[in-house]
1. Got at least one residue in the range 17-40 being within 14 Å of ALA78 (Cβ to Cβ), charged (D, E, K, R) and in a loop (DSSP other than H, G, I, E, B)?
2. Under the condition of being within 16 Å of the ligand (Cβ to nearest atom), surrounded by fewer than 16 Cβ atoms within 10 Å (Cβ to Cβ) and in a loop (DSSP other than H, G, I, E, B), which residue from the range 59-91 is modelled with the lowest pLDDT?
3. Which of the following residues is within 15 Å of the ligand (Cβ to nearest atom), at pLDDT 90 or above, within 15 Å of LEU61 (Cα to Cα) and not hydroxyl-bearing (Ser, Thr, Tyr): LEU37, LEU30?
4. Checking GLU11 against (1) within 16 Å of the ligand (Cβ to nearest atom); (2) part of a helix (DSSP H, G or I), which single condition isn't satisfied?
5. Please go through the range 41-58 and give me each residue that is part of a helix (DSSP H, G or I) and either within 11 Å of the ligand (Cβ to nearest atom) or buried (at least 18 other Cβ atoms within 10 Å of the Cβ) (or both), ordered by number.
Amino acid sequence: MTGSVGTPALEIVDDDGERLVFDAEESEHLFALTEGLDAATVSACPRCRSRIVTVVALVDLLDASPPFSRAEELVELADVRDLATACGHRGWIDPGHDEWSDAFGTRLTQPR
Ligand SMILES: [Zn+2]
């Protein structure tokens, strides 16, 4: 499907560089349906909608929310970046992301 995507407003990425871009309408829709992704948010920029979410909690959240057209694509990804703002959230996301990757990376790479 092509065509209806407007100006990118929100980008969701994962550690492998997979990315998904939402336009303003889609991102409004998403945040409205999930109450701002609150329940799945691990760490969020105080000044925009950029945030790190856990995939497990996100799946639950989307499950409990009204149907969202791109939910299936979304649950593969974990890192939300607000493209509509030019805030300095690098200062937030770098340490936050490290901590997060560390915690999850260690757990994921260690054989059980
Ligand atoms: Zn920000």
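1. Within the range 17-40, one or more residues are within 14 Å of ALA78 (Cβ to Cβ), charged (D, E, K, R) and in a loop (DSSP other than H, G, I, E, B).
2. Filtering first and then ranking leaves ALA86.
3. The unique qualifying residue is LEU37.
4. The one condition GLU11 does not meet is (2).
5. Correct list: LEU58 only.
The values are calculated or read from the model by the stated rules, or taken from the named source; none is laboratory data. These figures come from a predicted structure and were not determined experimentally. FYI the Cβ positions are ideal-geometry reconstructions off the backbone, even for glycines, and counts take in every protein chain you see.
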